[in-house]
Amino acid sequence: MKLSPSLRSEISWVVAGFIGVLLIGFALGAPAIGVVIYLACYVAWLLLRMNALVSWLSAGAKPSEAPPTTGLSDEIVQLVHREKKYSRKQKNRYRSTLAQFNSLASDLPDATVVLSEDHEIRWSNAAALNLLNIHPDRDKGQRIDNLIRIPEFREFLHSEEGAEELEIPGPVAHEKVLAVRKVRTGKHMKVLIAADITQRVQVREMRKVFVADVSHELRTPLTVIRGYLEMLRDDSNMDEETLNSLDQITVQSDRMRGIVEDLLQLSKLEGNLLGKSEGTVVNVSNMIESMIAPLNEISADHQITIQVDPSLQLMGSESELYSAFNNLLTNAVRYTDPGTKIQVVWDTDHEGSPRYSVSDNGPGIEARHLSRLSERFYRVDASRSRDAGGTGLGLAIVKHAAQRHGGVLNISSTPGTGSVFTITFPASRSVTYDSAANQ
Ligand code: ADP
């Protein structure tokens, strides 16, 4: 063990004092009494020093009030001074970091609210006042769902699963649209972030209306062209070459009509969620059966098997679900070779969520395409898609129809092995056979 210099010096002068007292004691003929008195004085002096140190430490250890010290206690005082200086520096550093963070968070353009597990407001920034009317001091400790009284918001706040983002009308200015997101931090806190997306929504609406208007306007002339084409083809005086040209025009005008119809359908599906009261109880098993027969026209010896749970039904829009389910099935037939095995499954996953999936052991799709497949007009092989009669909008329709029902489209595929397209719906949309019969 290494002795500190102050302890060493204290030991040496105590020993020197001891020897001195012993010598004087011998000279006076009472060395023992001298030693006892010396030790008693030393212990008393030590205790007084300790007492002074303890009182100084408990009073906050101010450097100006440090007790007079020597030896070991002097070293203790110096160490306390050093520690205090260091912790003061650390405190200042933390304080300035905290101030920087606070000013940064306060200046964020998005409303940011830190919530407890019970959705009580712990902290909010300046934008939260402007966008959500949440005051950083006045509303601290209040439950946020008592301040923002929108049922969808309450549901969004309490749900652990479901949509990542919710659009709500601004509580301060109703013409504004806010996108609210929630992020879980640690075990007992949530951060709510609300951004003003009014402009984004306006642009989205304009694009939707424009696409719907254009598609609608194109529908009528295309119907007229189709009518005249049929009339011309009925003309028996037509030579072979002209008939071939007319066939080509018919095929192309049909494609155009397909695109127009798909665009119209897509613009209807986009954006808005299907309300709980909208839609009916859909018998998905019957729907799947009805989709199989018409496939014979495009199927080239595909081996289609179905595995359905007939008691499982779904609350939703029959036409939209048909369109989504049928798109996946016709794709599996169109984009795979004769003899391919296709399996259609309608069941629930391990969490009780209804699930529709179409899998095939066809050519599969390379990983780089997967995330883009449901974009409008994205095709892996454009010429094959056109030859197969695809519009490039099929999977976009599937994705949006699924989203309207609170569902998610998942695609997994391995080149050379096959593909699986799955739509998973929230468990709350499922209706079992018995309850459906009671409706
Ligand atoms: P389209 O309307 O042209 O069929 P989709 O959006 O439905 O377009 O599909 C996009 C692309 O995904 C298709 O062009 C096709 O290349 C690919 N695809 C879709 N389903 C399958 C499948 N089961 N196997 C292989 N490729 C597929």
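Note the full-extension length gain between Leu104 and Ser290 as 0.36 nm times their separation in residues minus their Cα-Cα distance, in nm to one decimal. Please list the in-between numbers first.
Details: separation 186, 0.36 × 186 = 66.96 nm, distance 5.87 nm.
So the extension gain works out to 61.1 nm.
Could you tell me the center-to-center distance, by alpha carbons, between segment 287-305 and segment 135-178 in angstrom?
47 Å
Which pairs in the list Lys91/Lys140; Lys208/Lys399; Lys208/Lys268; Lys91/Lys190 are over 18 Å apart, alpha-carbon to alpha-carbon? Show your work: numbers first, answer last.
Numbers: Lys91/Lys140 26 Å; Lys208/Lys399 16 Å; Lys208/Lys268 8 Å; Lys91/Lys190 27 Å.
Lys91/Lys140; Lys91/Lys190, as the Cα separations exceed 18 Å there.
So if each residue of separation counts as 0.36 nm, and I subtract the Cα-Cα distance between Lys84 and Val281, what length gain in nm does that give? Provide the component values of the computation, followed by the final result.
On the way: separation 197, 0.36 × 197 = 70.92 nm, distance 7.16 nm.
So the chain would gain 63.8 nm between Lys84 and Val281.
Count charges around Ala195 for me, please; just the other residues with Cβ under 12 Å from its Cβ, Lys/Arg as +1, Asp/Glu as -1.
Details: positive: Lys176, Arg181, Arg200; negative: Asp110, Glu165, Glu167, Asp196.
Charge balance near Ala195 sits at -1.
Using Cα pairs under 8 angstrom and six or more residues apart, how large is the relative contact order of segment 204-269, in percent?
Once divided by the residue count of segment 204-269, the mean separation gives 59 percent.
Let me know the volume per residue of the alpha-carbon convex hull for the chain, in Å³. Mind showing how you got there, number by number?
Numbers: hull volume 125.3 nm³, N = 439.
Taking only Cα atoms, the chain has a hull volume of 285 Å³ per residue.
In whole Å, what are the Cα extents of segment 280-437 along the three principal axes, biggest one first?
47, 29, 27
To the nearest whole percent, what portion of all C-alpha pairs in segment 204-269 is separated by more than 21 angstrom? Intermediate values should be presented prior to the final figure.
On the way: 780 of 2145 pairs.
Counting pairs separated by more than 21 Å, the tail of P(r) holds 36 percent.
Given the rule -39500 (n - 2.57) for each run of at least 4 DSSP H residues, summed and divided by the residues of the chain, what is its mean residue ellipticity at 222 nm, to the nearest 500 deg cm²/dmol? Numbers along the way, then the final one.
Numbers: 14 runs with 226 residues, N = 439.
Taken over the chain, the calculation gives -17000 deg cm²/dmol.
Which net charge results when you count Lys and Arg as +1 and Asp and Glu as -1 among the other residues whose beta-carbon is under 14 Å from that of Val260?
Working: positive: Arg219, Arg226, Arg255, Arg257, Lys268, Arg376; negative: Asp213, Glu217, Asp254, Glu261, Asp262.
Charge balance near Val260 sits at +1.
How big is D, in µm² s⁻¹, for segment 207-361 by Stokes-Einstein at 10 °C and 1.306 mPa s if Rh is the Kirkwood radius over C-alpha pairs? Working shown, then result.
Values: Rh = 18.6 Å.
In µm²/s, the coefficient is 85.
Could you check which residue among Ala293, Ala396, Ala194 shows the biggest mean-square fluctuation in a GNM of the chain with a 10 Å Cα cutoff?
Maximum fluctuation in the GNM of the chain, among the listed residues, is at Ala293.
Loop-only GluC sites (Glu not before Pro) in segment 96-177, please: DSSP not H, G, I, E or B, and at most 15 other Cβ atoms within 10 Å.
Details: sites: Glu117, Glu120, Glu152, Glu155, Glu160, Glu161, Glu164, Glu165, Glu167, Glu175; in loops: Glu117, Glu160, Glu161, Glu164, Glu175.
Loop-located and lightly packed - Glu117, Glu160, Glu161, Glu164, Glu175.
Taking every eigenvalue of the Cα gyration tensor of segment 108-196, multiplying by 5 and rooting it, what semi-axes result, largest first, whole Å?
Working: eigenvalues 59, 50, 28 Å².
Semi-axes, largest first: 17, 16, 12 Å.
Using a Förster distance of 56 angstrom, determine the FRET efficiency expected from the C-beta separation of His188 and Phe18, and round it to 0.05. Mind showing how you got there, number by number?
On the way: r = 62 Å, r/R0 = 1.10.
With a Förster radius of 56 Å, E is 0.35.
Determine, from the Cβ-Cβ distance of Met1 and Leu39 and an R0 of 25 Å, the FRET efficiency 1/(1 + (r/R0)^6), rounded to the nearest 0.05. Before the final figure, lay out the partial values.
Working: r = 24 Å, r/R0 = 0.94.
Taking R0 as 25 Å, the efficiency between Met1 and Leu39 is 0.60.
Each reported figure results from applying straightforward, stated rules to the coordinates on display, with no laboratory input. A quick note: this is a predicted structure, and the numbers were derived from the prediction, not measured. Please note: Cβ atoms are built from the backbone with ideal geometry, for glycine as well, and neighbour counts cover all protein chains shown.
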